[in-house]
Amino acid sequence: MRVPLVVGNWKMHGGPRQARELAQSLRDGVKRPRGVEVVVCPPFTALPAVAETLAGSAIGLGAQNCHWEDSGAFTGEVSPPMLVELGCRLVLLGHSERRHVFHETDDEINRKVAAALRHGLQPLLCVGETGEERRQGLTFTVVEGQLRAGWAGLSIEDMGRCTLAYEPVWAIGTGVNATPAQAGEVHGYLRGLMSQIGSKDLAQTIRILYGGSVKPENAADVTQEPDVDGVLVGGASLQAQSFIAIAKKSAAKGGAPKE
Ligand code: PGA
């Protein structure tokens, strides 16, 4: 059974002090999560403070990006071993803001996925179409291209160490979430594709999260979809109470109450 995963993407919000406070509230609110895994991805500069605050808690630590090299003359970049040293176990890759604001290419994202895996970090590969692409009927084409490119050259074993997130660009930070049916349709497509690229077993084990304007009010509905295995949360992850509520609602699917 795929245990639902709930990931908070704090984006570029807050320094160590603010992050420590938020992490403390989460730690107090999510003591013994059952039927759900919870991970937060603070900005790089807050990683040590959050790692310290969450030490010994049930909440995991992740990063929002990484470079593909281990070290070298790459001004401004942060490498996978640096993240591992800070206690990260997951890294977001190919987030739509990285693709659209910073023009990351599929090839760069693929290199990052491979580098993260080499260092034991779980890549959370994000895919999703823009509103215009959806209007043109290109949703499946776009997400298929992003998944195939992101996973290019990976062994089936490595694919199995990845997590996916379907994040329609038009739903991110807009307050307009995909309906459960819209998310379910794309998740089902991605799962079918994973069984073609990898194997049927692989497709059944990989978690596919939904992201885009997830809030406490819509988390239960979207995570009820059979192919939705949790959520990637931006804005609502910055408020401890709303993120905790989302984690609880996502856990219900796992059949066990939390706390
Ligand atoms: P949002 O962001 O929840 O604020 O829409 C989601 C994301 O960017 O991962």
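The criterion of at least 3 residues that are open to solvent by 60 Å² or more (accessible area, probe 1.4 Å) and either under 29 Å from residue 31 (Cβ atoms) or without any contact (Cβ under 8 Å) to a residue 60 or more places away in the chain (or both) is met, among helices (runs of 4 or more DSSP H) falling completely within the range 150-259, by 180-197, 200-205, 240-251.
Out of contact with any helix residue (DSSP H, G or I) (no Cβ under 8 Å at 6 or more places or on another chain) and away from the ligand (no atom under 16 Å from the Cβ): which single residue out of 111, 118 fits that description?
111
Looking at 129, 144, just one residue is more than 23 Å from residue 8 (Cβ to Cβ) and in a helix (DSSP H, G or I), and that residue is 144.
Screening the range 62-93 for residues that are within 11 Å of residue 124 (Cα to Cα) and among the polar types (S, T, N, Q) and picking the one that is nearest to the ligand (Cβ to nearest atom) gives 64.
Tallying residues that are within 15 Å of the ligand (Cβ to nearest atom), among the aliphatic types (A, V, I, L, M) and farther than 17 Å from residue 124 by Cβ within the range 196-221 yields 1.
The values are calculated or read from the model by the stated rules, or taken from the named source; none is laboratory data. Please read these numbers as outputs of a predicted model, since none were measured by experiment. Methodologically, a virtual Cβ is constructed for each residue, glycine included, from the backbone with ideal geometry; neighbour enumeration extends over all protein chains shown. Areas reflect the complete protein model, heavy atoms only, side chains present, ligands, DNA and RNA absent. Shrake-Rupley method; radii C 1.70, N 1.55, O 1.52, S 1.80 Å.
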